[in-house]
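Step one of this worksheet: look at the structure below.
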Amino acid sequence: MNFLGYPRPDGSAGIRNHVLVIPGGFVASKICDFVVGARTIATADHGSGRTRGDRETIARVLVGLGRNPNVGAVLVHAASPGAGYPELNPERLVEEIAVSGKPVELVDPAKDGGTFGAIEKGVKVARRMVYEISKQRREPCDMGQLSIGVKCGYSDPTSGIAGNPAVGYLYDHLVEAGGVAMFGETTEIIGAEQALAKRAANDEVAQQILRAAEAIENLAKASGQDIRSVNPVPANIAAGITTLEEKSLGAVHKAGTSPIKGVLKYAERPAGRGLYFVDNWMGHLSIFLGYAAAGAQMVIFQLGGGGTPGRTILEASPAVVAPLLWATANPITYARAEDSVDFFSGTVIDGRETPTSAGERLVQTVLDIASGTCTRSETLNYVDPAQVYTREPVF
């Protein structure tokens with residue numbers, strides 16, 4: 001199965017063709033205000049007060065976004081307060097992104113006439129980059145060149161019955177085709193971690209899954225909390241989920257049935273192809289950013305019933321360069337947000353469609369989006385600020 005994408009020098013294939021300006025901040029935002037086709041990361045986290053480990057995480061996100069196949073060229077600026085840290089040194093970012101073979105340039109206010117001089121130069125460089133990459137044409141690419149990240153949220157019984165299984169069907173086909181499928185939310189596997197460990201490709205991976213779940217439970221206990229009482233969240237409970245184990249057993253359906261090849265850190269790029277578990281948080285403003293930094297060209301939010309009480313989903317993709325596909329199996333959610341949802345699998349619940357048919361339809365939806373069809377979120381200019389998932393103390 002093929003899609004129409006943009007071949008990249010490193011052998012990957014983009015499904016979009018953006019110019020990325022990093023890190024975020026005033027200079028980046030003004031360049032993107034002027035230049036159509038340029039994007040930046042909307043976050044104020046520039047590493048100040050962070051530990052060395054957390055600054056490495058922020059750097060891994062920035063470099064990963066720059067290397068994402070959906071990015072055709074990158075502009076790095078040195079106006080960030082974090083530029084003085086070795087982990088976030090602009091020259092280091094340029095060097096590591098350039099490994100991908102795509103054009104990368106640096107703008108430095110100290111050498112380019114201050115802040116406004118850097119903006120002027122940045123606008124000129126970004127415009128040239130957009131013009132040059134616009135000459136690229138989509139070509140047939142194999143489905144195995146896709147990398148996708150998924151989360152489920154506001155879960156209810158429809159999530160485990162139809163919504164997550166449809167994603168699992170997609171993931172099985174993606175892995176079979178040679179692609180990368182990533183799932184995570186460590187808090188959302190507790191109670192199902194033993195079942196996931198049995199699917200590990202080897203004992204080392206199984207132990208990594210179990211240790212990740214145990215670490216989160218221990219962290220909660222150290223703060224005086226029992227995570228099994230904090231989670232399920234109120235929206236889950238209102239929708240009919242009673243225990244964390246019940247929620248987790250429904251949540252892991254989105255991972256399909258393939259062997260789990262490895263456990264990744266947040267924003268870590270997989271070493272190979274296949275299905276990977278990511279040790280990350282459930283917040284969608286951070287999880288999708290991490291998936292994009294790990295190379296995902298598309299991210300999926302499988303929504304239950306608690307997320308759209310009387311409103312549409314007026315939110316673009318926190319993944320910055322990777323389009324967000326909204327999916328649900330809940331007919332009430334779909335009725336309230338039909339103009340925001342890209343894929344509805346509640347047809348399985350009411351008997352109009354088999355699980356296999358719904359899965360096939362999701363595969364085709366993904367290939368269509370990969371070939372250029374907009375997701376509903378891509379028709380919006382507004383996006384909430386992204387959050388980098390850091391785990392160490394702030395000083």
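Label separation (Lys135 vs Ala195): 5.3 nm, computed from points 7 Å beyond Cα along the C-beta direction.
Give, in nm to one decimal, the length gained when the segment between Phe116 and Glu214 is fully stretched (0.36 nm per residue of separation minus the Cα-Cα distance).
Going from the current span to full extension adds 30.3 nm.
With the simple model of a label 7 Å out from the Cα in the direction of the Cβ, Lys124 to Met1 spans 4.7 nm. For Met298, the residues whose amide H sits under 5 Å from its own are Ser147, Gly149, ignoring neighbours fewer than 5 places away on the same chain, with H placed 1.01 Å from N.
Structural descriptor for the stretch 1-55: relative contact order 25 percent, calculated from alpha carbon pairs under 8 angstrom and at least 6 residues apart.
Relative to the present Cα-Cα distance, how much length would full extension add between Asp10 and Ser357 at 0.36 nm per residue of separation?
Roughly 121.4 nm would be gained on extension.
Just round it to a whole percent: the fraction of Cα-Cα distances in the stretch 59-218 exceeding 27 Å. Within the stretch 59-218, distances greater than 27 Å cover 49 percent of Cα pairs.
Between Lys265 and Ser371, the C-beta separation translates, for a Förster distance of 35 Å, into a calculated FRET efficiency of about 0.65. Each listed q (0.09, 0.13, 0.14, 0.18 Å⁻¹) maps to a log10 I(q)/I(0) for the stretch 261-395 from the Debye sum over equal C-alpha point scatterers, namely -0.30, -0.62, -0.72, -1.12.
Assign one of three labels to the stretch 114-180, namely rounded, prolate or oblate, based on the Cα gyration tensor with a ≥ b ≥ c the square roots of its eigenvalues; rounded applies when a/c is under 1.5, prolate when it is not and a/b is larger than b/c, and oblate otherwise.
Cα axes put the stretch 114-180 in the oblate bin.
Here the stretch 18-135 yields Rg over Rh of 0.94, to two decimals, using C-alpha coordinates and the Kirkwood radius. Projected label points at Arg52 and Thr257, each 7 Å from Cα along the beta carbon direction, are separated by 4.7 nanometres.
Among beta bridges from DSSP that stay inside the chain, the antiparallel ones total about 15%. As a length-normalised measure over Cα pairs under 8 Å and 6 or more apart, the relative contact order of the chain settles at 22 percent.
Read-outs: derived from the displayed coordinates by stated rules, not from any lab. None of the values given here were measured: they were computed from a predicted structure. Positions of Cβ are generated from backbone atoms using ideal geometry, with glycine treated the same way; all protein chains shown enter the neighbour counts.
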